[in-house]
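Engineer: Dropping a structure here in structure tokens format, bear with me for questions.
The values are calculated or read from the model by the stated rules, or taken from the named source; none is laboratory data. Here the structure is a predicted model, which is why all the values come from computation and not from measurement. Counting neighbours? That spans all protein chains shown, and the Cβs are built from the backbone with ideal geometry, glycine included. In case anyone asks, the SASA skips ligands and DNA or RNA and just uses the protein heavy atoms, side chains included. Shrake-Rupley method; radii C 1.70, N 1.55, O 1.52, S 1.80 Å.
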Amino acid sequence: MIDATHNPALTSWVESANQPATDFPVQNLPYGTFRSRETDGTRLGVAIGDRVLDVTGAFKIPSMLTVMAMPRGARIALRRQVSQFLTTRSEGAEQWLLPMDEVELLLPCEIPDYTDFYASIHHATNVGRMFRPDNPLLPNYKWLPVAYHGRASSVVVSGTEVRRPWGQIVSNPAGPPQYAACRLLDYEVELGAFLGPGNAMGEPIPIAQAEDHLFGVCLLNDWSARDIQSWEYQPLGPFLAKNFATSVSPWVVTLEALEPFRCASPARPEGDPDPLPHLQAAGNGAFGITLEVWLQSARMQTPVRISRGDFSSMYWTLAQMVAHHSSSGCPLRAGDLIGSGTVSGPEKENRGCLLEMTWRGAEPLELPTGETRKFLEDGDQVILRGWCEASGFRRIGLGECRGVVLPVR
């Protein structure tokens with residue numbers, strides 16, 4: 001629901017929030033968790049321009065999980081209160097502001113569970129063509145949002161270095177394997193979604209209520225060891241190839257902030273099946289979110305953009321992912337994280353990982369330094385950026401998600 005908090009004419013008494021290029025105007029108000037020398041313990045914050053509003057101090061809310069567990073109506077009411085606080089200056093309000101570059105941004109919350117989906121038909125088709133050229137999409141793809149359970153313990157906040165993993169790799173698909181350092185390390189640009197408040201075990205979430213359990217979104221890099229994955233993924237899917245690291249951005253942009261950027265999902269091609277009734281939703285369930293990948297090698301002074309895609313191109317929506325995840329009766333909990341799967345589009349510049357971008361290494365990526373990349377090398381930094389724009393509304397951003405590749409230990 002669009003309300004006064006989305007008014008593009010709104011300005012804040014925090015001057016940096018009124019700059020046209022900021023990711024965090026007063027129309028955004030993403031939540032994050034931080035600590036600083038000025039406060040005790042971890043605190044809940046809201047990004048506003050280049051400042052952090054100490055929500056724990058100003059509103060007596062102890063943590064992100066407290067907000068995630070609120071019913072959607074209560075979260076909407078809190079957004080309006082924070083908007084009012086930052087647009088109408090009250091005496092002493094500035095005491096709750098901290099410079100963003102002077103606080104330590106942490107994981108948004110302790111993550112109970114993490115599930116990664118595979119919701120881009122462009123990504124699924126491209127990867128399928130590489131490995132199964134005669135049958136790129138498996139029969140189930142157009143009937144359900146394919147997913148696997150990830151590892152919550154290795155989800156890390158932006159800026160955390162990522163060490164190249166070890167695993168079993170093969171030169172012959174039939175084996176035998178050797179235990180060695182990953183040679184084909186990749187990124188995957190995804191949208192992450194934090195959930196709340198969740199459902200009881202045995203009680204599926206109806207599709208019409210699924211968005212009530214979507215708290216907000218972040219940038220997500222699901223680092224992938226392609227050579228380890230190609231050996232281990234049959235028959236149960238990836239394991240060590242994915243469980244060594246997943247990076248997320250620190251700021252969670254709420255579903256309410258995304259309302260002006262809601263749009264229709266792409267029309268399904270003729271011949272594609274309609275979703276089953278428990279996955280059919282009324283209205284516009286997609287969101288126009290631009291996602292970019294930037295790469296900086298150890299020799300480069302500045303990063304270079306290597307891809308740009310749009311989340312609205314996904315075959316399955318976030319609401320369908322939540323409804324499907326819980327349709328077996330699986331209980332979802334406040335703070336659970338889901339990944340959308342690699343966000344890719346129809347053009348080469350929309351491909352959301354090096355596996356696709358270089359077509360499994362056959363078309364190396366050329367960097368301004370003269371270097372080439374088939375897959376990531378030690379010292380490479382991957383930077384994800386994201387934002388939303390729509391006519392008649394204020395641009396908002398998701399910030400950045402960064403990670404540097406360290407050599408194998």
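Engineer: Select from the range 374-409 the residues that are in a loop (DSSP other than H, G, I, E, B), of a type in the set (D, E, K, R) and touching an Asp or Glu at 6+ places or on another chain (Cβ under 6 Å) and list them in ascending order.
Structural biologist: Selection gives 395 alone.
Engineer: On to the next question. Kindly provide the set of residues from the range 60-77 that are open to solvent by 10 Å² or more (accessible area, probe 1.4 Å) and assigned to a helix (DSSP H, G or I), ordered by number.
Structural biologist: 65, 66, 72, 73, 74, 76, 77
Engineer: Just a yes or no: is a residue in the range 146-156 without any contact (Cβ under 8 Å) to a residue 40 or more places away in the chain, assigned to a strand (DSSP E or B) and closer than 26 Å to residue 291 by Cα?
Structural biologist: yes
Engineer: Would you call residue 203 crowded, with 19+ Cβ neighbours inside 10 Å and either within 22 Å of the chain's Cα centre (by Cα) or closer than 26 Å to residue 335 by Cα (or both)?
Structural biologist: Here the answer is no, as residue 203 does not meet what is asked.
Engineer: Would you be able to tell me the number of residues in the range 78-102 that are open to solvent by less than 40 Å² (accessible area, probe 1.4 Å) and free of Cβ contacts under 8 Å to residues at least 24 places away in the same chain?
Structural biologist: 2
Engineer: I'm told residue 21 meets every condition in (1) crowded, with 17+ Cβ neighbours inside 10 Å; (2) part of a loop (DSSP other than H, G, I, E, B) except one. Can you identify the failing condition by its number?
Structural biologist: The single condition residue 21 does not satisfy is (1).
Engineer: When only residues in the range 114-151 that are farther than 20 Å from residue 190 by Cα and charged (D, E, K, R) count, which is least open to solvent (accessible area, probe 1.4 Å)?
Structural biologist: The qualifying residue least open to solvent (accessible area, probe 1.4 Å) is 132.
Engineer: In the range 300-316, what residues are of a type in the set (Val, Ile, Thr) and in contact (Cβ under 8 Å) with a residue 60 or more places away in the chain?
Structural biologist: Residue satisfying the conditions is 304 alone.
Engineer: Something else about it: Considering only residues of the range 161-189 that are part of a loop (DSSP other than H, G, I, E, B), in contact (Cβ under 8 Å) with a residue 12 or more places away in the chain and open to solvent by 90 Å² or more (accessible area, probe 1.4 Å), which is farthest from residue 402 (Cα to Cα)?
Structural biologist: Among residues in the range 161-189 that are part of a loop (DSSP other than H, G, I, E, B), in contact (Cβ under 8 Å) with a residue 12 or more places away in the chain and open to solvent by 90 Å² or more (accessible area, probe 1.4 Å), the one farthest from residue 402 (Cα to Cα) is 173.
Engineer: Quick check, is residue 188 in contact with a helix residue (DSSP H, G or I) (Cβ under 9 Å, 6 or more places away or on another chain) and under 15 Å from residue 225 (Cα atoms)?
Structural biologist: Answer is yes for this residue.
Engineer: When only residues in the range 11-25 that are hydrophobic (A, V, I, L, M, F, W, C) and out of contact with any Lys or Arg (no Cβ under 8 Å at 6 or more places or on another chain) count, which is nearest to residue 261 (Cα to Cα)?
Structural biologist: Only one residue fits best here, namely 24.
Engineer: Check the range 388-396 and report whether any residue there is touching a residue at least 40 places away in the same chain (Cβ under 8 Å) and more than 24 Å from the chain's Cα centre (by Cα).
Structural biologist: yes
Engineer: While we're on this one: Being under 21 Å from residue 159 (Cβ atoms), open to solvent by less than 10 Å² (accessible area, probe 1.4 Å) and not hydrophobic (A, V, I, L, M, F, W, C) is true for just one of 57, 45. Which residue is that?
Structural biologist: Just one listed residue meets the conditions, 45.
Engineer: A follow-up question, please. What's the number of the condition residue 316 fails, among (1) in a loop (DSSP other than H, G, I, E, B); (2) in contact with a helix residue (DSSP H, G or I) (Cβ under 6 Å, 6 or more places away or on another chain); (3) open to solvent by less than 10 Å² (accessible area, probe 1.4 Å); (4) farther than 21 Å from residue 242 by Cα?
Structural biologist: Failed condition: (2).
Engineer: Kindly establish whether residue 193 is within 27 Å of residue 274 (Cα to Cα), surrounded by fewer than 18 Cβ atoms within 10 Å (Cβ to Cβ) and of a type in the set (A, V, I, L, M, F, W, C).
Structural biologist: no
Here's the yes/no breakdown for (1) surrounded by 24 or more Cβ atoms within 10 Å (Cβ to Cβ); (2) among the small types (Gly, Ala, Ser); (3) out of contact with any Gly (no Cβ under 8 Å at 6 or more places or on another chain); (4) modelled with pLDDT under 95:
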residue: 217; (1), (2), (3), (4): yes, no, no, no
residue: 220; (1), (2), (3), (4): yes, no, no, no
residue: 225; (1), (2), (3), (4): yes, yes, no, no
residue: 228; (1), (2), (3), (4): yes, no, no, no
residue: 233; (1), (2), (3), (4): no, no, yes, yes
residue: 237; (1), (2), (3), (4): no, yes, yes, yes
residue: 243; (1), (2), (3), (4): no, no, no, no
residue: 249; (1), (2), (3), (4): yes, yes, no, no
residue: 259; (1), (2), (3), (4): no, no, yes, no
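Engineer: Which condition number in (1) open to solvent by less than 40 Å² (accessible area, probe 1.4 Å); (2) under 16 Å from the mean Cα position of the chain (by Cα) is the one that residue 297 fails?
Structural biologist: All conditions are met except number (2).
Engineer: For residue 376, state whether it is surrounded by fewer than 17 Cβ atoms within 10 Å (Cβ to Cβ) and closer than 25 Å to residue 107 by Cβ.
Structural biologist: Against the criterion (surrounded by fewer than 17 Cβ atoms within 10 Å (Cβ to Cβ) and closer than 25 Å to residue 107 by Cβ), residue 376 does not qualify.
Engineer: Determine if the range 252-270 includes at least one residue that is over 16 Å from the mean Cα position of the chain (by Cα) and among the aliphatic types (A, V, I, L, M).
Structural biologist: Yes, the range 252-270 contains at least one residue that is over 16 Å from the mean Cα position of the chain (by Cα) and among the aliphatic types (A, V, I, L, M).
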